[in-house]
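Report on the following structure.
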Amino acid sequence: MVLSKLLTNQTVKYEKSFHGNWEDAIKLAADPLVIDSTIDKKYVNSMIDNVKKEGPYINIGSEIALAHARPNNHVKKIGLSFLKTGNEINLIDKKHPIKLWFVLAAIDNTSHLDVIKELMNILMDSKKLDLLLNANSQTQLLNAFNEPNNASK
């Protein structure tokens, strides 16, 4: 499982009371990838600039955002980080409230597809999605990612 190597104590965060806007949420969600040199701050700025230009296209489901930018030289390796906020943060406007903030770092157009596939399997599993949305600690979030998929039962 690729996600178990990417979503760890270092890359999964929980913020009970987040006092910032959507840009701050993306920055905080991306911090672990900046700290471990998976990406640099220019990649973070690219993700934010893309949303400003293209709108809330990173809103991939109810309360879920997958921030990313085109692969470029500001990405050193494939990475995924995650922030869950206890409160909803509006992505651009009130039509796009988000609690689950994923940041994807891709080095090319294809090598990250297994990561996306695994992540989508989790987010399409209603039990796992409920666990993520209702989690109130980093431990609960990590446990939710490591639960077996309903489809595999």
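When E147, E15 are ordered from fewest to most other Cβ atoms inside 10 Å of their Cβ, what list results?
In order of increasing Cβ crowding within 10 Å: E147, E15.
So what is the calculated 222 nm ellipticity per residue for the chain, using -39500 (n - 2.57) for each DSSP H run with n of 4 or more, over all residues, to the nearest 500 deg cm²/dmol?
Mean residue ellipticity, 222 nm, calculated: -12000 deg cm²/dmol.
Are there any trypsin sites (Lys or Arg not before Pro) in region 49-138 that are in a DSSP loop and have at most 12 other Cβ atoms within 10 Å? List them by number.
Of the trypsin sites (Lys or Arg not before Pro), the ones in loops of region 49-138 whose Cβ has at most 12 other Cβ atoms within 10 Å are K94, K95.
Where does each of D40, D31 land when they are ranked from fewest to most other beta-carbon atoms within 10 angstrom?
Listed from fewest to most nearby Cβ atoms, that is D40, D31.
Taking just the C-alpha trace of the chain, give me its Rg and Dmax in Å.
In Å, with Rg to one decimal and Dmax whole: 14.3, 42.
How far apart, in nanometres, would the label points at K41 and H74 be if each is projected 7 angstrom from Cα along the Cα-to-Cβ direction?
Spacing of the two 7 Å Cα→Cβ label points: 1.1 nm.
Every number here is computed from the coordinates shown, using simple stated rules; none is lab data. Treat the numbers as computed from the prediction; the structure is a model and nothing was measured. When we count neighbours, we look across all protein chains shown, and the Cβ atoms used for this are built from the backbone with ideal geometry, even at glycine.
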